[in-house]
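Here is the structure we will look at.
The values are calculated or read from the model by the stated rules, or taken from the named source; none is laboratory data. Quick caveat: nothing in here was measured; it's all calculated off a predicted structure. We place every Cβ from the backbone using ideal geometry, glycine too, and count neighbours over all the protein chains shown.
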Amino acid sequence: MTPASPEPTILTPTGDALDGAARALRAGRLVAFPTETVYGLGADATDDAAVVRIYALKRRPRFNPLIAHVADADAARSLVEVDARAASLMARFWPGPLTLVLPRRPECPVSLLAADGLPTLAVRQPAHPVALALLRAFGGPLVAPSANRSGRVSPTTAAHVAAEFGGTPLAILDGGPCAIGVESTVVDLSGPVATLLRPGAVTRDALVACIGRLDAPTATDRPRSPGQLESHYAPSLPVRLDATAARPGEALLAFGPVDTAGYSEVFWLSRDGHPGEAAARLFAGLRALDRDAFCAIAVSPIPETGLGEALNDRLRRAAADRERESPGVPAGGVI
Ligand code: AMP
Ligand code: MG
């Protein structure tokens, strides 16, 4: 399981590969693995040194806490206090693309570095069979932020992960392209009112139908996650949103029945205007068009309904002014 070359190694997730990956994780090494949202960079959540390795490899600001991935709801209950709202959401949406922020239990073994010393912890049971098989083989919680350098476009294939971490001897379990393609919905249940910290495939409407009320985070909430930073998911080229006509030298991320005349290249998020299809193709599209041959990436308008909220959230951050908030170089420093 120790790759001989200093390059990432893409592995077919056989039983042997999963056992090897679990052993590597127990030894404090990092293993990238697929989830139904995006590929994660996994580490033993209870191992301070392994958690530090994640922040270092991603160059992630340490005030951006990590999600503890668990094999089942009982494993989550051993880490955090699960109230009635959390229990309803877990019963309805787990395994799946929903992360819950809950109060840590006093005996919670997850490294305090994983949540920057916060009294809360984010937990999720992913639905991808390879992620679940790895969690079971490992037998404990895994932190697994997206397997990309901080601030950059998230990976939705094993090849994307390998491209991010060239020169690093990292094992990558290949589970094919991610079905959902945008990161999990994050709901903060640590206070009396549930707040939506990050939109995702579990939509606002579906959450409200389950727990009745969901607020936006208040302005005083500090940015506790990469998803809350203004500039994130950023390709190298500038991104122009709501484009309805081509400008010279632009490539287009196209959605729905739009006029593509004049663009140097077109990547279809969804010809039929289907938000789920567009989400699954979003990060691959940003990567595919992020080339010197173009001067910018234009994006067709996407309606804000349903999964459109998550798509537009990622696109706004991909388009945000990077001078004002340089990705990966946060005020809080990097470990
Ligand atoms: P990711 O890069 O996908 O692992 O993103 C982590 C996400 O989890 C961020 O968007 C945060 O909103 C959220 N998160 C993790 N831990 C906490 C926490 N203790 N409090 C609030 N948000 C958290
Ligand atoms: Mg990320």
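Okay, residues lined up against (1) within 13 Å of ligand 1 (Cβ to nearest atom); (2) over 25 Å from ALA310 (Cα atoms); (3) not hydroxyl-bearing (Ser, Thr, Tyr):
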site	(1), (2), (3)
GLN125	no, no, yes
HIS128	no, no, yes
ASN148	yes, no, yes
THR157	no, no, no
THR168	no, yes, no
PRO192	no, no, yes
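Within the stretch 255-274, can you find the residues that are under 20 Å from GLU309 (Cβ atoms) and part of a strand (DSSP E or B)? PHE255, LEU269, SER270, listed by residue number.
Taking the stretch 150-178 as the range and being part of a loop (DSSP other than H, G, I, E, B) and out of contact with any helix residue (DSSP H, G or I) (no Cβ under 6 Å at 6 or more places or on another chain) as the test, the residues that pass are GLY151, ARG152, THR157, PHE165, GLY166, GLY167, THR168, PRO169, LEU170, GLY176, PRO177, CYS178. Any residue at all in the stretch 27-45 that's aromatic (Phe, Trp, Tyr) and modelled with pLDDT under 95? No, the conditions are met nowhere in the stretch 27-45.
Condition first: under 21 Å from PRO192 (Cβ atoms), crowded, with 22+ Cβ neighbours inside 10 Å and not β-branched (Val, Ile, Thr). Now tell me which residues in the stretch 94-119 satisfy that. Matches in the stretch 94-119: LEU98, LEU100, LEU102, ALA115.
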